[in-house]
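Shown next, in structure tokens, is the structure this report addresses.
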Amino acid sequence: MKLEEQLKKYFGYNSFKGLQKEIITRLVEERKHALVIMPTGGGKSLCYQLPALIFDGGTIVISPLIALMQDQVDTLKKKNIPADFINSTVSSEQRRERLIKFIKGEIKILYVTPERFKIKEFTDSIKNANVSLLAIDEAHCISEWGHDFRPDYSRMKEIREILKNPLTIALTATATPDVQDDIISKLGIDKKEIKIFHEGIKRPNLRLEAVEVFDEKETLNKIIKVLENYQKPGIIYFTLIKTLEKYSQLLKDRGFNHGIYHGKLSPKTRKEVQREFLNDKQKLILATNAFGMGIDKPDIRFVIHAEVPSSIESYYQEIGRAGRDGKDSLCLLIYNQNDLYTQMEFIKWANPDADYYSRLYNLLLNNIDEINSYGIEYIREHLSYKDKNDFRVETALGILERYGVIEGSPEEKNLKVISKLPPQLEDDEYLKAKFINDNKKLLSVVNYFRTKKCRRIFISEYFGFYDESNCGNCDICEPS
């Protein structure tokens with residue numbers, strides 16, 4: 001059966017988009033590895049889902065986000081495709097049952113987080129499965145120089161060995177040349193054995209604009225102008241929750257109905273807001289960057305960044321949620337010089353030095369009962385002397401959790417130390433290099449705002465895609 005016929009049979013599509021057929025042919029007919037860099041909404045998932053249904057064995061998909069894998073599995077099940085997931089949200093009995101079904105071949109596509117491969121019971125069992133394909137979603141998480149590094153992703157070579165080194169496809173929307181090299185290296189694949197597919201920034205329907213403001217009033221006026229002139233649905237991104245809440249009130253006072261989404265809301269509330277937006281019950285969302293993963297909504301007409309984002313990677317990922325239906329959509333960056341100071345503070349707090357990690361680790365080892373009794377303020381009192389503007393505590397605890405040093409939380413009173421500090425967090429040179437790298441990413445956002453060249457060319461070249469022609473649809477090429 002031809003690939004187009006299988007595409008129609010399983011997914012109901014008549015033709016492939018962009019490089020999809022070339023990538024799938026590479027996997028199915030040549031049985032060779034691929035690294036795919038494709039814009040958000042470009043159809044990355046199909047590049048492994050269709051081969052998964054063609055191959056005799058099963059496909060393991062490694063995904064960093066539980067909500068995202070659940071959405072993808074729900075979509076596949078609606079198409080009667082045998083897929084499921086194993087993560088911490090399902091009972092141990094369900095996990096065992098799903099794993100047995102995958103090993104027997106009753107489940108063709110199994111989504112897991114990389115952390116699952118640290119569990120001996122899982123790794124001992126998965127070795128018995130016939131795995132034809134390993135798909136690594138959000139592959140930029142592999143690289144410590146990417147914008148969302150996850151330590152367990154860096155164990156991909158080991159994970160591939162556990163699965164007997166299957167055919168592998170890694171997929172991401174954002175990877176600079178350095179990150180591409182790091183991904184291939186961490187996979188344990190020779191560079192000659194993997195082909196890089198990239199589509200550049202091929203979203204011609206996205207209108208890229210950036211405008212400078214100097215105060216809150218100007219920012220509000222720019223937002224209102226978009227709301228009055230552009231059809232909804234739309235997303236307005238903020239860096240700080242307190243800024244989001246301020247503008248939420250200002251817009252409410254002017255009669256603009258909207259939902260809000262940020263990390264301090266309960267999981268139930270966040271889920272309700274997301275569902276209402278996807279179902280068109282709410283047309284406008286004010287959100288932090290916690291919102292967006294798994295938002296497969298085709299008709300988002302605008303994405304506004306009301307505060308300067310931390311990197312071109314995150315900015316590009318977020319604007320990629322607009323205009324997936326191919327219709328005209330606006331991506332507006334509102335640039336205020338003061339936002340840079342906020343981001344620079346974030347970078348400072350996000351990069352504690354080796355001494356800080358050492359002091360925190362010793363405090364956790366020696367005072368874990370007190371920390372579970374009195375909460376995070378106990379840590380802050382001993383490390384930051386109650387300075388509420390010092391957010392290193394939250395950052396460092398999050399990093400220790402990502403590295404598998406701790407589990408649980410002070411809020412739940414079940415925090416415990418389960419491993420030693422990794423060498424990276426004791427290496428000041430490494431930590432300093434990461435701090436400098438994060439600042440360079442912020443500087444690239446400033447350069448994006450200030451550029452005199454086509455904005456799409458600027459983004460393309462940032463990701464290492466050269467020889468792009470002017471887009472004709474940005475405020476540099478065609479001023480409004």
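Working note: Cα gyration tensor of segment 83-140, eigenvalues times five, square-rooted, sorted largest first, giving semi-axes of 16, 14, 12 Å. The charge dipole of segment 350-426, taken about its Cα centre with unit charges on the Cβ of Lys, Arg, Asp and Glu (plus for the first two, minus for the last two), comes to roughly 80 debye.
Only alpha carbons enter this Debye calculation for segment 31-137, each as an equal point scatterer, and the log10 of I(q)/I(0) it gives at q = 0.12, 0.13 Å⁻¹ is -0.38, -0.44. Only Lys, Arg, Asp and Glu carry charge here, each on its Cβ (+1 for the first two, -1 for the last two); on that basis the chain has a dipole of about 1500 debye about its Cα centre.
Helical content of the chain, expressed as a calculated mean residue ellipticity at 222 nm, amounts to -13500 deg cm²/dmol (DSSP H runs of 4 or more residues, -39,500 (n - 2.57) each, divided by residue number, nearest 500). Counting neighbouring beta carbons within 10 Å and listing from fewest to most, the residues Leu363, Leu99 come out as Leu363, Leu99. When all alpha-carbon pairs of segment 331-480 are counted, what percent fall beyond 17 Å? Of all Cα-Cα pairs in segment 331-480, 69 percent lie more than 17 Å apart. For the chain, DSSP calls about 5 percent of its internal beta bridges antiparallel. The Rg/Rh ratio of segment 63-194, with Rg taken over Cα atoms and Rh as the Kirkwood radius over Cα pairs, comes to 0.96.
Relative contact order for the chain: what percent, with Cα pairs under 8 Å and sequence separation of 6 or more? Dividing the mean separation by the residue count of the chain yields 14 percent.
A convex hull fitted around the alpha carbon atoms of segment 203-355 yields 123 Å³ per residue. Distance between the modelled labels on His382 and Ala433, one decimal in nanometres: 3.2 nm (7 Å Cα→Cβ projection). For segment 206-343, the share of DSSP beta bridges that are antiparallel, to the nearest 5, is 0%. Listed by chain and number, the aspartates and glutamates whose alpha-carbon sits under 16 Å from that of Lys441, ignoring those within fewer than 8 places in the same chain, are Glu144, Asp148, Asp178, Glu307, Glu313, Glu318, Asp339, Glu345, Glu461. Extension gain for the segment Glu272 to Val211, taken as residue separation times 0.36 nm less the Cα-Cα distance, is 18.7 nm to one decimal. With point charges of +1 on the Cβ of Lys and Arg and -1 on the Cβ of Asp and Glu, referenced to the Cα centre of the chain, which listed residue (Leu27, Leu7, Gln231) lies farthest in the positive direction of the dipole? Looking along the dipole axis, the top candidate is Leu7.
Only Lys, Arg, Asp and Glu carry charge here, each on its Cβ (+1 for the first two, -1 for the last two); on that basis segment 283-336 has a dipole of about 180 debye about its Cα centre. Each listed q (0.12 Å⁻¹) maps to a log10 I(q)/I(0) for segment 291-369 from the Debye sum over equal C-alpha point scatterers, namely -0.56. Just round it to a whole percent: the fraction of Cα-Cα distances in segment 1-85 exceeding 22 Å. Value for segment 1-85 (Cα pairs over 22 Å): 24 percent. Rg and Dmax of segment 350-426, both derived from C-alpha coordinates alone, stand at 11.2, 30 Å. Work out the FRET efficiency for Asn229 and Glu30 from their Cβ-Cβ distance, taking R0 = 56 Å, and round it to the nearest 0.05. Taking R0 as 56 Å, the efficiency between Asn229 and Glu30 is 0.70. Using DSSP to define loop residues, name the GluC sites (Glu not before Pro) in segment 20-121 whose beta-carbon has at most 12 other beta-carbon atoms within 10 Å. Hits after loop and neighbour filter: Glu29, Glu30, Glu106. Within segment 95-129, the trypsin sites (Lys or Arg not before Pro) that combine a DSSP coil assignment with at most 16 other C-beta atoms in a 10 angstrom radius are Lys127.
Residues of segment 139-175 falling in the label zone of Asn130, defined by backbone nitrogen less than 17 Å from a point 7 Å along Cα to beta-carbon, are 163-167. The ranking of Asp71, Asp178, Asp438 by Cβ neighbour count inside 10 Å, starting from the fewest, reads Asp178, Asp71, Asp438. Note on Cys477 and Ile162: the model spin-label points, each 7 Å out from Cα along the C-beta direction, lie 4.5 nm apart. Spin-label model, Asn362 to Met344: label points 7 Å out along the Cα-to-beta-carbon direction sit 3.2 nm apart. Of the residues Ile194, Ile319, Ile223, the one with the fewest other Cβ atoms within 10 Å heads the list, and the complete ranking is Ile194, Ile223, Ile319. Volume of the convex hull of segment 159-245 (Cα atoms only), normalised per residue: 202 Å³. Every Cα-Cα pair of segment 103-180 was included, and the share exceeding 17 Å stands at 47 percent. Equivalent ellipsoid of the chain: semi-axes from √(5λ) of the C-alpha gyration tensor, largest first, are 34, 32, 22 Å.
Using only the Cα atoms of segment 239-284, each taken as one equal point scatterer with no solvent, compute I(q) by the Debye sum, divide by I(0), and report log10 of the ratio at q = 0.19, 0.22 Å⁻¹. Cα-only, vacuum Debye calculation for segment 239-284: -0.64, -0.83.
None of the figures in this text is laboratory data; all of them are computed from the coordinates on show. All values reported here derive from a predicted model rather than from experimental measurement. Virtual Cβ from ideal backbone geometry, glycine too; neighbours counted across all protein chains shown.
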